[in-house]
Amino acid sequence: MLEHDIVIIGGGLAGCRAALEVMRRDPSLDLALVSKTHPIRSHSVAAQGGIAAALQNVDPQDSWEAHAFDTVKGSDYLADQDAVEILAREAPEVIIDLEHLGVLFSRLPDGRIAQRAFGGHSHPRTCYAADKTGQAILHELVSNLKRFGVKLYSEWYVLDLILAENQVQGVVMLEQASGRLEVLRAKAVMLATGGYGRIYNSTSNDFASTGDGMAMVARAGLPLQDMEFVQFHPTGLYPVGVLISEAVRGEGAY
Ligand SMILES: Cc1cc2nc3c(=O)[nH]c(=O)nc-3n(C[C@H](O)[C@H](O)[C@H](O)COP(=O)(O)OP(=O)(O)OC[C@H]3O[C@@H](n4cnc5c(N)ncnc54)[C@H](O)[C@@H]3O)c2cc1C
């Protein structure tokens, strides 16, 4: 049996970012990250267009309030507005932090981080790394996890949560190369297994977006929230589902 203090299931941007935050807070923790794909092959690598933050590098009229308003309006007023406020307020700081971690953002001629227009945004506030923003961020997060000594279980498939005394005590997982089954015990288990876009016939999501984490939670009898919110790109190649970058709408396409 394997044992760690914390296990995060999922090596995409959510899982890697959560792992980094845990290690920054307490580097003495023994943290494992399990991913059924190599982390850098997670679906997050497909994110092309960029990441919004009111840095005001291109438009000094932008503000976190405008970013928050655009986000709430874009959600048809269904978004959790407290969460939107945190997202919009903290986004500029997070972009600078990512840059300090080594993410190679595209630049303005004066060297500051470039920002472009995006559909639904009232100001040009999307920071990007050419057309490979997800890949650029994921690469740096994964290399920083190595710096902190996070144990990576790459190409291990988590099958189920282990529950005892009404608490999650660990997971059962399978090493894809060998077929070996293992129990991994942990004091805390975090799920960051991505979405379930692959249940649709035509989708821009990758083949690994099969909602495994949500299925495990449902099987464990635990509640799930906001299942109806599935992202669909308005621009894509039908029927294969290859994305036509959201940046095209920022430039006026519809
Ligand atoms: C084509 C495309 C372009 C996009 N562009 C943008 C963009 O420009 N800007 C933006 O902000 N957002 C964009 N998005 C959305 C963004 O990519 C996603 O919201 C984000 O990547 C989700 O990250 P995640 O870490 O939650 O999930 P994922 O990246 O899907 O990671 C899930 C992880 O969980 C692992 N996993 C799943 N099940 C198991 C299991 N059973 N056992 C072990 N591991 C498991 C996977 O291997 C993977 O490592 C885009 C989405 C698509 C489809």
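Which loop-located trypsin sites (Lys or Arg not before Pro) does the range 149-254 contain, where loop means any DSSP state but H, G, I, E or B and the Cβ has at most 13 other Cβ atoms within 10 Å?
The qualifying sites are ARG180.
Quick check on the chain: helices-only [θ] at 222 nm, where DSSP H runs of length 4 and up contribute -39,500 (n - 2.57) each and the sum goes over total residues. Nearest 500, please.
On the way: 6 runs with 72 residues, N = 254.
Rounded to the nearest 500, the figure is -9000 deg cm²/dmol.
Give the angle, between 0 and 90 degrees and rounded to the nearest 10, that separates the Cα long axis of helix 133-147 from the longest principal axis of the Cα atoms of the chain.
It works out to around 40 degrees.
Taking 8 Å as the Cα distance limit and 6 or more residues as the minimum spacing, I'd like the relative contact order of the range 51-129 as a percentage.
Numbers: 105 pairs, mean separation 31.9, N = 79.
The normalised contact order for the range 51-129 reaches 40 percent.
How do MET23, MET214, MET190 rank by accessible surface area computed with a 1.4 Å probe, from largest to smallest? Provide the component values of the computation, followed by the final result.
Values: MET23 0, MET214 45, MET190 75 Å².
My answer, sorted largest first, is MET190, MET214, MET23.
Could you work out the local net charge near LYS187, counting Lys and Arg as +1, Asp and Glu as -1, over the other residues with Cβ closer than 11 Å to its Cβ?
It works out to a net charge of -2.
Using the heavy atoms of the protein chains alone and a 1.4 angstrom probe, what is the accessible area of the chain per residue in square angstrom?
55 Å²
Taking θ = phi - 60°, what integer Hz values does the Karplus form 6.51 cos²θ - 1.76 cosθ + 1.60 yield along the range 20-29, in sequence order, with x for Gly and Pro?
So the Karplus estimates, Gly and Pro as x, are 4, 5, 4, 5, 5, 6, 8, x, 7, 5 Hz.
Figure the gain on full extension for VAL230 and LYS151 (residue separation times 0.36 nm, minus the Cα-Cα span) and round it to one decimal in nm.
Stretched fully, the VAL230-LYS151 segment lengthens by 25.3 nm.
Restricting to Cα pairs below 8 Å that are 6+ residues apart, what does the relative contact order work out to for the chain? Please round to a whole percent.
The normalised contact order for the chain reaches 25 percent.
Counting only residues 5 or more places away or on other chains, whose amide H sits under 5 Å from the amide H of GLY119 once H atoms are built in the peptide plane?
The answer is ARG249, GLY250.
Leaving out ligands, DNA and RNA but keeping every protein chain, what accessible area does HIS38 have, in Å² rounded to the nearest 10, with a 1.4 Å probe?
Roll a 1.4 Å probe over it and HIS38 shows about 60 Å².
Hand me the chymotrypsin sites (Phe, Trp or Tyr not before Pro) from the range 1-106 located in a DSSP loop with no more than 10 other Cβ atoms within 10 Å, in residue order please. Intermediate results must be reported in sequence, preceding the final value.
Working: sites: TRP64, PHE69, TYR77, PHE105; in loops: TYR77, PHE105.
Taking the range 1-106 and a limit of 10 other Cβ atoms within 10 Å, the loop chymotrypsin sites (Phe, Trp or Tyr not before Pro) found are TYR77.
Carbon-plus-sulfur fraction of the accessible area of the chain, 1.4 Å probe, in percent?
54 percent
Taking just the alpha-carbon atoms of the range 126-199, what radius of gyration and Dmax come out, in angstrom?
Rg then Dmax for the range 126-199, in Å: 16.0, 49.
Could you compute how much accessible surface GLU21 exposes when probed at 1.4 Å, giving the result in Å² to the nearest 10?
60 Å²
Applying the Karplus parametrisation 6.51 cos²θ - 1.76 cosθ + 1.60 with θ = phi - 60° to the phi angles of the range 199-210, what ³J(HN,Hα) value in whole Hz is obtained for each residue in order, glycine and proline being reported as x?
6, 8, 5, 10, 8, 8, 6, 7, 5, 8, 7, 10
Relative to the longest principal Cα axis of the chain, at what angle does helix 81-101 sit, 0 to 90 degrees, rounded to 10?
The helix 81-101 is inclined about 90 degrees to the chain.
Over the chain, with a Gaussian network built from C-alpha contacts below 10 Å, which listed residue (SER154, SER178, SER143) shows the highest mean-square fluctuation?
SER178
Given the Cα-Cα distance of ASN166 and SER122 and 0.36 nm per residue of separation, how much length would full extension add, in nm?
11.1 nm
The values are calculated or read from the model by the stated rules, or taken from the named source; none is laboratory data. On a predicted model such as this, the values are computed, not experimentally measured, just so you know. Neighbour counts run over all protein chains shown; Cβ positions are idealised from the backbone, glycine included. Only protein heavy atoms, including side chains, enter the accessible area calculation; ligands, DNA and RNA are left aside. Shrake-Rupley method; radii C 1.70, N 1.55, O 1.52, S 1.80 Å.
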